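Only one structure is covered here, and it is reproduced in the block below.
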There are 2 protein chains.
Amino acid sequence: MKFDLTATDPKSFARAGVLHTDHGEIQTPIFMPVGTAGSVKAVHQRELELDIQAQIILGNTYHLYLRPGLGVLEKAGGLHKFNGWNRPILTDSGGYQVYSLAANRKIVDEGVTFKSHIDGSKHHFTPENVMDIQRSIGADIIMAFDECTPYPCDYKYAKDSMQLTHKWLKRCVDRIHSTEPKYGYEQVLFPIVQGSVYKDLREQSAEFIASQNQPGNAIGGLSVGEPHEDMYAMTSLVCGILPKDKPRYLMGVGTPENILECIALGIDMFDCVMPTRNARNGMLFTTEGIINIRNEKWKDDLSPIDAGLGGYVSTFHSKAYLRHLIINKEILGAQIASIHNLTFYLWLVKEARKRIEDGTFAEWKNKMVKIVSQRL
Amino acid sequence: MKFDLTATDPKSFARAGVLHTDHGEIQTPIFMPVGTAGSVKAVHQRELELDIQAQIILGNTYHLYLRPGLGVLEKAGGLHKFNGWNRPILTDSGGYQVYSLAANRKIVDEGVTFKSHIDGSKHHFTPENVMDIQRSIGADIIMAFDECTPYPCDYKYAKDSMQLTHKWLKRCVDRIHSTEPKYGYEQVLFPIVQGSVYKDLREQSAEFIASQNQPGNAIGGLSVGEPHEDMYAMTSLVCGILPKDKPRYLMGVGTPENILECIALGIDMFDCVMPTRNARNGMLFTTEGIINIRNEKWKDDLSPIDAGLGGYVSTFHSKAYLRHLIINKEILGAQIASIHNLTFYLWLVKEARKRIEDGTFAEWKNKMVKIVSQRL
């Protein structure tokens, strides 16, 4: 998997690049819609491709392992064939879900034992079997099996957890290197930097992760409740250590503002459930700011959802119609709002890319951050 | 609104025709997807038009009157402008919803007083204001304000109710004839035959409705729990009385089998929530029979949802993928199943139309009824 850095911004650490995968190119910086169980919620694959212009989507190992299960996925020839998405797919390792399960999991050196949220059945994840599972799912980009620490997290726990993540990473690397692609196309490993909000741990982790020399690197354990300043400080620190010639993925981030700020710090890839989850609750991200479409003020506003965005739903439907659908709990409301928000997120990173290419990113970013974070 | 009868089947009462409206032509027999609150549940307007090839959709007066309300609809210039559906729209009169409210409504000669299911607020529907409301919604086809009797229903109640419906109809006709189209295009009234399952009442009602000489006629009060034999007997009886040169609409019907049988009896228009409601529960109507996609047997069936149907989702996605989505309560499952079922319903009436045109409907219908009603 080759990464070409094609432009860097003179006044920030922002970069533009192209990540070449066997399922096509990814233009960075990029936002990756989250398709937890093999579907980006309320969005058709055709809409992802043609309307939203997504270039890569996520799948969740924990969820896909439980349902539909590896038997069905292997029989289909992997997730791409199963869900009809023929562009790149990245799968998380299940580390985050296992962390979310809290009471229902037990972490030891060997791996994690957990109970299914569906039927309470007992399962065991190890660095080795999580690599195998992601190969079977058919991910183009496989994430290392890590522990995602909560926030706040005391120093000792953060340090021990980071060391466990590093030990597990060696086992992930060994497993990936000793196994073959499952379906004929390349499947690469991205290690994950941990260390909570502690500078020395983050430095140590970033150096260890960089030393593994994998095709891309990720930053985990952020956007879990810490102040934005901490997120930016850790991201900045880690970006200074991770190799320049490989893509950097900041996991689970974030608001449009977060994304712009972290692009400026040198991040190339993002994912977050926010655009789809918030869409279902009626929160819209637009080129003019943030809208709570449930608000009475939009009741008879017949202007387009976002005249500045273009695309399938955003100029076709009015704010009043979308409000009506969301208030009435019509499924189409979730559909339109999700398409709109994802179209906006993909538009935002594409615009950022253009500004990086023409050398005007820093000024544009400072202006845009104010616009996209204001409440309308 | 002109109706051209273009073909009749030699061995049944099936007819093919074209209904000309100011929002375009409707090829009959036709199935009309239900868009209760201005949205066909889980289906985009683009999909209705391009994938499902719907020619006309329904809106519900009761629901649209309560939300978004007439103020918003009038400001938008009617429902077509509000929801972006530019083909014909038929609105029911609220009679069925008022009947469903049972404990929360009171019927007197003047009209019906009812409490909103949303906030308990009190409202009053009369034949006159229901005509005005449907004009404001912007329906191409306005349904008369009637009382839909439940099943079972004793003779006296059915007779009194029918007489009330007839009295109301005269007031509907007067109101329609003394008011103008709201938005410049033609808006016509369809009266509704009632009379429960009593032959003499149905005859009497059909004769009265026919005598009103409106551009189309409907049969209500069926598909409310009575045996199919009664539905067919009443439909047959009424079709023998209603004028041949005007479209006949059987309200709220039904299964694919019901639709084929009633086309054979002379019905031209159908609506039903079944294809979308059952889709959301995982029941699929296909060219090979009925599928409960939740069944374990489809878990790893990677064959298309319906290879015989064509269209956007039905040949693109597998049964196993759709099952996975429905089991996981993914919104995309409801979307795909709804598009599939509606595509099937529209395909079924289009096929019926072809057979009527080439004179082979009766034989084809007898064969198809067996296929579409079998459980796979």
For the stretch B:4-45, the count of residues that are surrounded by fewer than 18 Cβ atoms within 10 Å (Cβ to Cβ) and assigned to a strand (DSSP E or B) equals 10
By my count, strands (runs of 3 or more DSSP E) wholly in the stretch A:269-347 with at least 2 residues that are buried (at least 21 other Cβ atoms within 10 Å of the Cβ) are A:269-271, A:283-286
A:Asp140 vs (1) more than 30 Å from A:Gly24 (Cα to Cα); (2) out of contact with any Gly (no Cβ under 9 Å at 6 or more places or on another chain); (3) crowded, with 22+ Cβ neighbours inside 10 Å: all pass except (1)
Scanning the stretch B:278-296 residue by residue, those on the phi < 0 side of the Ramachandran plot, within 26 Å of the chain's Cα centre (by Cα) and either among the acidic types (Asp, Glu) or away from chain A (no Cβ under 12 Å) (or both) turn out to be B:Asn278, B:Asn281, B:Met283, B:Leu284, B:Phe285, B:Thr286, B:Thr287, B:Glu288, B:Ile290, B:Ile291, B:Asn292, B:Ile293
Of the residues in the stretch B:51-69 that are away from every other protein chain (no Cβ under 11 Å) and not β-branched (Val, Ile, Thr), the one that is farthest from B:His117 (Cα to Cα) is B:Gln53
Result of the Cβ filter at 7 Å on the stretch A:48-67, keeping first residues that are more than 14 Å from A:Val34 (Cα to Cα) and partners that are polar (S, T, N, Q) and surrounded by 20 or more Cβ atoms within 10 Å (Cβ to Cβ), at least 6 apart or interchain, is A:Asp51/A:Thr343
- Task: Look at A:Ile263 and say whether it is of a type in the set (Val, Ile, Thr), touching a residue at least 40 places away in the same chain (Cβ under 8 Å) and away from chain B (no Cβ under 11 Å).
- Result: yes
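Matching residues to (1) aliphatic (A, V, I, L, M); (2) in contact (Cβ under 8 Å) with a residue 12 or more places away in the chain; (3) within 18 Å of B:Gly84 (Cα to Cα); (4) touching a Cys at 6+ places or on another chain (Cβ under 7 Å):
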site: A:Gly282; (1), (2), (3), (4): no, yes, no, no
site: A:Thr287; (1), (2), (3), (4): no, yes, no, no
site: A:Glu296; (1), (2), (3), (4): no, no, no, no
site: A:Lys299; (1), (2), (3), (4): no, yes, yes, no
site: A:Ser303; (1), (2), (3), (4): no, yes, yes, no
site: A:Ser314; (1), (2), (3), (4): no, yes, yes, no
site: A:Ile326; (1), (2), (3), (4): yes, yes, yes, no
Checked the stretch B:7-24 for anything out of contact with any Ser or Thr (no Cβ under 9 Å at 6 or more places or on another chain) and of a type outside the set (D, E, K, R); matches are B:Ala7, B:Thr8, B:Pro10, B:Ser12, B:His20, B:Thr21, B:His23, B:Gly24
Note on the stretch B:243-268: residues part of a loop (DSSP other than H, G, I, E, B), of a type in the set (A, V, I, L, M) and surrounded by 24 or more Cβ atoms within 10 Å (Cβ to Cβ) are B:Met251, B:Ile267
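Let's see how each residue does on (1) within 18 Å of A:Arg46 (Cβ to Cβ); (2) in contact with a Leu (Cβ under 6 Å, 6 or more places away or on another chain); (3) among the aromatic types (Phe, Trp, Tyr):
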site: A:Arg280; (1), (2), (3): no, no, no
site: A:Met283; (1), (2), (3): no, no, no
site: A:Thr287; (1), (2), (3): no, yes, no
site: A:Pro304; (1), (2), (3): no, no, no
site: A:Thr315; (1), (2), (3): no, no, no
site: A:Gln335; (1), (2), (3): yes, no, no
site: A:Leu342; (1), (2), (3): yes, no, no
site: A:Val349; (1), (2), (3): no, no, no
Might you let me know whether the stretch B:147-155 holds any residue that is surrounded by 16 or more Cβ atoms within 10 Å (Cβ to Cβ) and part of a helix (DSSP H, G or I)?
no
Within the stretch A:156-178, of all residues that are of a type in the set (A, V, I, L, M, F, W, C) and surrounded by 18 or more Cβ atoms within 10 Å (Cβ to Cβ), the one farthest from A:Phe190 (Cα to Cα) is A:Ala158
The condition from (1) at pLDDT 95 or above; (2) surrounded by fewer than 20 Cβ atoms within 10 Å (Cβ to Cβ); (3) at negative phi that A:His117 misses is numbered (1)
Among residues of the stretch B:308-336 being among the hydroxyl-bearing types (Ser, Thr, Tyr) and farther than 15 Å from A:Thr36 by Cβ, the residue farthest from the other protein chains (Cβ to nearest Cβ) is B:Ser314
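Can you tell me how many residues within the stretch A:297-307 are within 8 Å of chain B (Cβ to nearest Cβ) and either of a type in the set (A, V, I, L, M, F, W, C) or within 27 Å of the chain's Cα centre (by Cα) (or both)?
1
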Within the stretch A:70-95, of all residues that are within 9 Å of chain B (Cβ to nearest Cβ) and closer than 17 Å to B:Glu330 by Cβ, the one surrounded by the fewest Cβ atoms within 10 Å (Cβ to Cβ) is A:Gly84
Next item on the list: Scan the stretch A:113-135 and give yes if some residue there is within 14 Å of chain B (Cβ to nearest Cβ) and over 28 Å from A:Gly225 (Cβ atoms), otherwise no.
Entry: yes
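Do we find that A:Val273 is closer than 30 Å to A:Asn213 by Cα and within 14 Å of chain B (Cβ to nearest Cβ) in this structure?
Working: closer than 30 Å to A:Asn213 by Cα: yes; within 14 Å of chain B (Cβ to nearest Cβ): yes.
Yes: the conditions hold for A:Val273.
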Note on the stretch A:214-240: residues buried (at least 16 other Cβ atoms within 10 Å of the Cβ) and not in a helix (DSSP H, G or I) are A:Gln214, A:Pro215, A:Gly216, A:Asn217, A:Ala218, A:Ile219, A:Gly220, A:Gly221, A:Leu222, A:Ser223, A:Val224, A:Glu226
- Query: Any residue at all in the stretch B:148-160 that is under 24 Å from the mean Cα position of the chain (by Cα) and more than 25 Å from B:Arg202 (Cα to Cα)?
  - Reply: no
In the set A:Val224, A:Val193, the lone residue that is within 30 Å of A:Gln374 (Cα to Cα) and among the hydrophobic types (A, V, I, L, M, F, W, C) is A:Val224
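Matching residues to (1) in a strand (DSSP E or B); (2) in contact with a Pro (Cβ under 8 Å, 6 or more places away or on another chain); (3) at pLDDT 95 or above:
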residue: A:Glu47; (1), (2), (3): no, no, yes
residue: A:Gly71; (1), (2), (3): no, no, yes
residue: A:Thr91; (1), (2), (3): yes, no, yes
residue: A:Tyr99; (1), (2), (3): no, yes, no
Reported set for the stretch A:24-44 where residues are facing chain B (nearest Cβ under 9 Å), closer than 21 Å to A:Leu309 by Cβ and in contact (Cβ under 8 Å) with a residue 24 or more places away in the chain is A:Val40, A:Lys41, A:Ala42, A:Val43
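The values are calculated or read from the model by the stated rules, or taken from the named source; none is laboratory data. As the structure is a prediction and not an experimental result, all values here were calculated from the model. Note: ideal-geometry Cβ built from the backbone for every residue, glycine included; neighbour counts use all protein chains shown.
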